[in-house]
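Peer 1: Take a look at the following structure, please.
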Amino acid sequence: MEVKERIEHLRSLIKYHSRRYYEDDTPEISDFEYDKMFEELKDLEAKHPEFYDPTSPTQRVGGAPLGKFEKVTHEVKMGSLTDVFDFESLRAFIRRVKEETGEDTDFSVEPKIDGLSVSLKYENGILTVGATRGDGKVGEDVTANIRTIRSIPLELPEKADITVRGEVYMPHSSFKKLNKEKEENGETLWANPRNAAAGSLRCHAFKSFTN
């Protein structure tokens, strides 16, 4: 097998096994086997930079997440949820929706994940920009840090131009693990998972505890 074919084969295998491990929770190979493939791919890519691909699995951990961020202007304003503390406020919201849409509206209700709102911009199916909500109009470019989150695809199945919005959050298990290490190092503990997720998105610790 030629070098280029081997590199493409390894990339495909690693992406497949990453999905099995991180998304499906059904790993098929051991960590040792995965790490061995990953190291081989990194070595081949280092020796053959002409085959660079921004969607390669190695690009998730190619460098430390950045601590200083450029500003990003959102093409469409990112709104935020408004708190409601009584049923009258809820009924008023429903009335406003019906008045603005001019028709009956069905609602889908689900628990809110308390995290950090982000916008992911894909161009031709490739992740190009990851940004925080900021003030809704202007956020921070956290693309390098976003790329370390294994559940976020670097490449979409279809070559589409699309912007995806969601929440970056930290599971309680990761939060406890992070605070335990900070306590052992004599550092200030995070107050809650939401603050930890938001703060860690701006430092190297995010990569260690949310993969």
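The values are calculated or read from the model by the stated rules, or taken from the named source; none is laboratory data. Only a predicted model underlies this, so the values are computations on that prediction, with no experimental measurement involved. Please note: Cβ atoms are built from the backbone with ideal geometry, for glycine as well, and neighbour counts cover all protein chains shown.
Peer 1: When you scan the range 170-186, do you find a residue that is touching a strand residue (DSSP E or B) at 6+ places or on another chain (Cβ under 9 Å) and either of a type in the set (D, E) or surrounded by fewer than 16 Cβ atoms within 10 Å (Cβ to Cβ) (or both), even just one?
Peer 2: Among the residues of the range 170-186, not one is touching a strand residue (DSSP E or B) at 6+ places or on another chain (Cβ under 9 Å) and either of a type in the set (D, E) or surrounded by fewer than 16 Cβ atoms within 10 Å (Cβ to Cβ) (or both), which makes the answer no.
Peer 1: Let me ask something else. Quick check on this structure: which one of K112, K180 is modelled with pLDDT under 90 and outside the structural domain of I14 (by TED's automatic domain parsing)?
Peer 2: Exactly one residue qualifies, and that residue is K112.
Peer 1: For a quick check of your reading: which strands (runs of 3 or more DSSP E) sit entirely within the range 61-142 and have at least 2 residues that are free of Cβ contacts under 8 Å to residues at least 60 places away in the same chain?
Peer 2: 116-123, 126-132
Peer 1: Looking only at the range 191-208, filter to residues that are closer than 12 Å to N145 by Cα and not in a helix (DSSP H, G or I); which one of those is modelled with the lowest pLDDT?
Peer 2: H204
Peer 1: S119 versus (1) farther than 19 Å from R194 by Cα; (2) at pLDDT 90 or above: which is the lone unmet condition?
Peer 2: Condition not satisfied by S119: (1).
Peer 1: Now a separate question. Tally time: how many residues in the range 112-126 are out of contact with any helix residue (DSSP H, G or I) (no Cβ under 8 Å at 6 or more places or on another chain), of a type outside the set (K, R) and crowded, with 18+ Cβ neighbours inside 10 Å?
Peer 2: Residues in the range 112-126 being out of contact with any helix residue (DSSP H, G or I) (no Cβ under 8 Å at 6 or more places or on another chain), of a type outside the set (K, R) and crowded, with 18+ Cβ neighbours inside 10 Å: 3 in total.
Peer 1: What are the pairs with Cβ atoms under 8 angstrom where one residue, in the range 11-37, is at pLDDT below 90 and the other, located anywhere, is outside any helix (DSSP H, G or I) and of a type in the set (D, E)? Sequence gap at least six, or different chains.
Peer 2: H17/E28; R20/E28
Peer 1: Which residue out of V129, V109, V138 is more than 28 Å from P157 (Cβ to Cβ) and surrounded by 12 or more Cβ atoms within 10 Å (Cβ to Cβ)?
Peer 2: Going through V129, V109, V138 in turn, just one is more than 28 Å from P157 (Cβ to Cβ) and surrounded by 12 or more Cβ atoms within 10 Å (Cβ to Cβ): V138.
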